[in-house]
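Structure first, commentary second.
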Amino acid sequence: MKEIKKSDLAFLKRRIMPYFGVKKLYMDYKETDYVFPDCWVDMNSRIPVITVTQEWARQSMDERRKRLVHEVGHIFGYNHGIINGLRYDTHPEKDDWSRYIYGKIK
């Protein structure tokens, strides 16, 4: 996982996963020219897999981690839409919910 920083993995494990009660997940890095999506979660296997790309890796630390919050939200069971008055949106710039949760746990 050459493009996933150890500090991001530590934040995922120590802050995001405990917040949502997620016990186990895998991370993967994919070399691709995709700008969107730059990260996604696959829940079709026994253990969910979050895949990130170099576009995700180019983001600021806060933005990378906010996007990880978003993907773990899906593992927890949330779907895009309005959650407690906040938008949970596939487009990061519109995703108020993930920004709010990230702000609570960072």
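Pick from R65, R46, R15: which residue has the top mean-square fluctuation in a GNM of the chain where Cα pairs under 10 Å get a spring? Residue with maximal mean-square fluctuation among R65, R46, R15: R46.
With +1 on each Lys and Arg Cβ and -1 on each Asp and Glu Cβ, how big is the dipole of the chain about its Cα centre, in debye rounded to the nearest 20? Before the final figure, lay out the partial values.
Numbers: 20 positive and 15 negative charges, 140 e Å.
In total the dipole reaches around 680 debye.
For K23, give me every one of the lysines with a C-alpha distance below 24 angstrom, ignoring sequence neighbours fewer than eight places off in its own chain. Leaving aside lysines fewer than 8 places away in the same chain, those within reach of K23 are K2, K5, K6, K13, K66, K104, K106. Only DSSP H runs of four or more residues enter the estimate; each adds -39500 (n - 2.57), and after division by the residues of the chain the mean residue ellipticity at 222 nm equals -10000 deg cm²/dmol. Pair-distance distribution of the chain: all C-alpha pairs, bin width 5 Å, starting at 0; shares per bin in whole percent are 2, 13, 26, 27, 22, 10, 1, 0.
Every number in this text was worked out from the coordinates using simple rules, so none of it is lab data. These numbers come from a predicted model, not from an experiment. With ideal geometry, Cβ positions are generated from the backbone for all residues, glycine too; neighbour counts draw on all protein chains shown.
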